[in-house]
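Report on the structure given below.
Nothing in this text is a laboratory measurement; each read-out follows from the coordinates by a stated rule. Everything numeric here is computed off the predicted structure, so don't read it as measured data. No Cβ is skipped: glycine too gets one built from the backbone with ideal geometry, and neighbour counts run over all protein chains shown.
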Amino acid sequence: MSKLLPNIDDLTRPFWDAAQQRQLLMQRCVDCDAYVWHPQPWCRACYGQRLAWQPVRGVAELFTYSVVHYAPLPGYANEVPYVLATVRLAEGPQMMTNLVGCDWRQVHIGMPLRLCWEARADGFLVPQFTPVG
């Protein structure tokens, strides 16, 4: 069994289409400039419905994390232990992701991170983060 792939709908399709081009997009409110993450039909800050997709740089710092030692599904069995992380993007919003390319024992809050991509089934790209340097 392989790793999970997202359920893509009309709301999330722009995000996943851009991800397949190795571009990280987030919604941003046209009315108040707030970033919106996860994709929503309205702004969480002002409840405006005029949202536009904008690229973000993929620069982040580790906000919090958990080390997963037990695979939730068979497709993740070869990955444990792995780091499930919440990262704070340079633009401000936080997103949940996996931290890859490092020893979990070296992970610490505040560490600088950069965007990378994991290819899953059929080459489907999923954003991940890895330490800088």
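Were the residues from VAL100 through GLN23 laid out at 0.36 nm apart, the gain over their Cα-Cα distance would be 25.9 nm. Scoring 81-89, 35-43 by mean Cβ neighbours within 10 Å over their residues and listing the highest first yields 81-89, 35-43.
Segment 1-80 to segment 92-122: how many Å between their Cα centroids? Going from one Cα centre to the other spans 13 Å.
Computed as a quarter of the hull surface, the mean projected area of the alpha carbon convex hull for the chain stands at 8.4 nm².
For VAL36, nonlocal amide neighbours, meaning residues 5 or more places apart or on other chains whose placed amide H falls under 5 Å from its own, are GLN27, ARG28, CYS29.
Working from label points 7 Å from Cα in the Cα-to-Cβ sense, the THR130 to GLU79 distance is 1.6 nm. A Förster radius of 25 Å, combined with the Cβ-Cβ distance separating HIS69 from ARG44, puts the computed FRET efficiency at roughly 0.15.
Amide H contacts for MET111 (H built 1.01 Å from N in the peptide plane; partners 5 or more residues away or on another chain; cut-off under 5 Å): LEU62. Applying the Karplus relation 6.51 cos²θ - 1.76 cosθ + 1.60 with θ = phi - 60° to segment 123-128 yields 3J(HN,Hα) values of x, 4, 8, 10, x, 9 Hz, where x marks Gly and Pro.
For the pair LEU4 and ASP31, label points projected 7 Å from Cα toward Cβ lie 3.2 nm apart.
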